[in-house]
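Colleague: Once you've had a glance at the structure underneath, I'll fire off some questions.
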Amino acid sequence: MRKAMVLFASLFAATAWAAGSAGGEQGGDDVPGYILHHVVDSPYLEIEVPLSSPIHAADLPQILIPFSEGACTPRMTDHGQEIPGLMEGCLDLSITKHTIMMWLAALLLLGTLFIWGNRDKTKLVPRGAGANLIEMLVLFVRDELAIKNIGKEEGPRYVPYLLTAFFFILFMNLLGLVPWMATATGNLAVTASLAVCTFIVTQVAGIRAAGLGGYLKHLTGGVHPALWFIMIPVEVLGLFTKPFALTMRLFANMLAGHIVLFFLLGLIFILGHPAVAAVSVPFAFAIYLLELFVAFVQAYVFTMLSALFIGMSVAMGHHDHGHAEGHGHSETGPSHDHGKAHMLGG
């Protein structure tokens, strides 16, 4: 089966090269532009043809909300027509290609739950390969990510969010490997929005565990008030480095994989000979299989780091509680939660 797929890809690449060479300007010079066109977002849907003009499928709705008269009037730049941004008084809520991909991922998520969810409460054990696979993933997120990183008491509370993030990111990653689809997680705005969701959940978890006073006290780092002017900015900066790391890690890994994959196929057109396909296509096929693995790994990493950040935030409350018990009238010393907070928070 694998040999047949490689042979088919080689013949397809050779045919595309011949067509590109016949088109004159569709040769190797278009490879960077084609790769960039594939990975960026766009306000329309199209069927891409290797190193040729894409087939226009449909224009997507453009939704512009001006905060002042004429704020959303398009202007011409060196890169073509450009819509003013939010800082210029124009809120752009237009539907784009990556928006469609997110909607499809959400539909797949809901469909998976409805099809393979165990809705029959009389049967404790699900039947079928799909139901057992979903159960395995759900238990993995609950037991290995939520409970181990957040704690046995608070972990189950955040399992729904972690499961939603895991499957949503997984389906977006996998959609990018389907022909004529796109990877929404290769968009910085998408990964930043996901990271903001984790940031909000993390701060809410910290306030819930330690209270607003304990949360604000944690920003001082427990140092002398004379050092607060140093410690508070450092702690606040630390709050935002976590979502930044989530944003860039997911974005860079998903974007880089597609660029490498298309560049390997583009070597056929850059070097200008179909014989290059004998080397580049097998390598591209191997990268494609690696991308399947990366799709799961990046969904896991984002969920694991989210659980870790939530666990560190929850540990603030346990740390303060254990510290109070350790210095109070208890004869048994610091509580178990105090030790667990040190384990989670490092």
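Colleague: Give the residue, chosen from LEU264, LEU255, LEU246, that is touching a residue at least 60 places away in the same chain (Cβ under 8 Å), among the aliphatic types (A, V, I, L, M) and either touching a Ser or Thr at 6+ places or on another chain (Cβ under 7 Å) or not in a helix (DSSP H, G or I) (or both).
Modeller: LEU246
Colleague: Would you point out which residue out of LEU212, LEU163, LEU227 is part of a helix (DSSP H, G or I) and within 22 Å of the chain's Cα centre (by Cα)?
Modeller: LEU163
Colleague: Condition first: within 16 Å of the chain's Cα centre (by Cα) and over 11 Å from THR303 (Cβ atoms). Can you find one or more residues in the range 140-147 that meet it?
Modeller: No, that holds for no residue.
Colleague: Would you say SER53 is of a type in the set (S, T, N, Q), at pLDDT below 85 and farther than 19 Å from ALA192 by Cβ? If you could, list the steps in order and put the result at the bottom.
Modeller: On the way: of a type in the set (S, T, N, Q): yes; at pLDDT below 85: yes; farther than 19 Å from ALA192 by Cβ: yes.
So SER53 passes the test.
Listed here are the residues, each with its yes/no results for (1) part of a helix (DSSP H, G or I); (2) modelled with pLDDT under 95; (3) within 20 Å of ASP30 (Cβ to Cβ).
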| site | (1), (2), (3) |
| --- | --- |
| PHE285 | yes, yes, no |
| TYR300 | yes, no, no |
| LEU305 | yes, no, no |
| HIS319 | yes, yes, no |
| SER330 | no, yes, no |
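Colleague: Please determine whether any residue of the range 172-182 is in the same structural domain as PHE244 (by TED's automatic domain parsing), crowded, with 19+ Cβ neighbours inside 10 Å, touching an Asp or Glu at 6+ places or on another chain (Cβ under 9 Å) and not small (Gly, Ala, Ser).
Modeller: First, pick out the residues of the range 172-182 that are in the same structural domain as PHE244 (by TED's automatic domain parsing): 172-182.
Checking which are crowded, with 19+ Cβ neighbours inside 10 Å leaves us with 172-173, 175-176, 182.
Now restrict to residues that are touching an Asp or Glu at 6+ places or on another chain (Cβ under 9 Å): 173, 176, 182.
Remaining after also requiring not small (Gly, Ala, Ser): 173.
Yes, some residue in the range 172-182 is in the same structural domain as PHE244 (by TED's automatic domain parsing), crowded, with 19+ Cβ neighbours inside 10 Å, touching an Asp or Glu at 6+ places or on another chain (Cβ under 9 Å) and not small (Gly, Ala, Ser).
Colleague: On to the next question. Just one of THR220, THR241 is surrounded by fewer than 22 Cβ atoms within 10 Å (Cβ to Cβ), of a type in the set (Ser, Thr, Tyr) and over 20 Å from the mean Cα position of the chain (by Cα); which is it?
Modeller: Testing whether each residue is surrounded by fewer than 22 Cβ atoms within 10 Å (Cβ to Cβ), of a type in the set (Ser, Thr, Tyr) and over 20 Å from the mean Cα position of the chain (by Cα) leaves just THR220.
Colleague: So which residues in the range 130-171 are among the hydroxyl-bearing types (Ser, Thr, Tyr), buried (at least 18 other Cβ atoms within 10 Å of the Cβ) and under 17 Å from ALA105 (Cα atoms), if there are any at all?
Modeller: TYR161
Colleague: Would you point out the residue of the range 185-199, among those that are small (Gly, Ala, Ser) and modelled with pLDDT of 95 or more, that is surrounded by the most Cβ atoms within 10 Å (Cβ to Cβ)? Explain how you work it out, then say what you get.
Modeller: Start the filter on the range 185-199 by keeping residues that are small (Gly, Ala, Ser), which leaves 186, 189, 192-193, 195.
From what is left, the residues that are modelled with pLDDT of 95 or more are 192-193, 195.
Details: ALA192: 18, SER193: 12, ALA195: 25.
Step by step, filter the range 185-199, then rank; the result is ALA195.
Colleague: Pull out all pairs, ordered by first then second residue, where Cβ-Cβ is under 9 Å, the residues are six or more apart or on different chains, the first lies in the range 288-309 and is over 11 Å from MET254 (Cα atoms), and the second is outside any helix (DSSP H, G or I) and of a type in the set (Asp, Glu).
Modeller: So the pair list comes out empty.
Colleague: If LEU177 satisfies every condition in (1) under 18 Å from the mean Cα position of the chain (by Cα); (2) touching a residue at least 60 places away in the same chain (Cβ under 8 Å); (3) assigned to a helix (DSSP H, G or I) but one, which is the exception?
Modeller: (3)
Colleague: Looking for whichever is touching a helix residue (DSSP H, G or I) at 6+ places or on another chain (Cβ under 7 Å) and in the same structural domain as LEU194 (by TED's automatic domain parsing) here; the options are ALA299, ALA286. Which one fits?
Modeller: Just one listed residue meets the conditions, ALA299.
Colleague: All but one of (1) under 30 Å from TYR44 (Cβ atoms); (2) more than 21 Å from the chain's Cα centre (by Cα) hold for PRO274, so report the exception by its number.
Modeller: (1)
The values are calculated or read from the model by the stated rules, or taken from the named source; none is laboratory data. Worth saying up front: this structure is predicted, and the values here are computed from it rather than measured. Cβ sites come from the backbone with ideal geometry, for glycine too, and all protein chains shown count toward neighbours.
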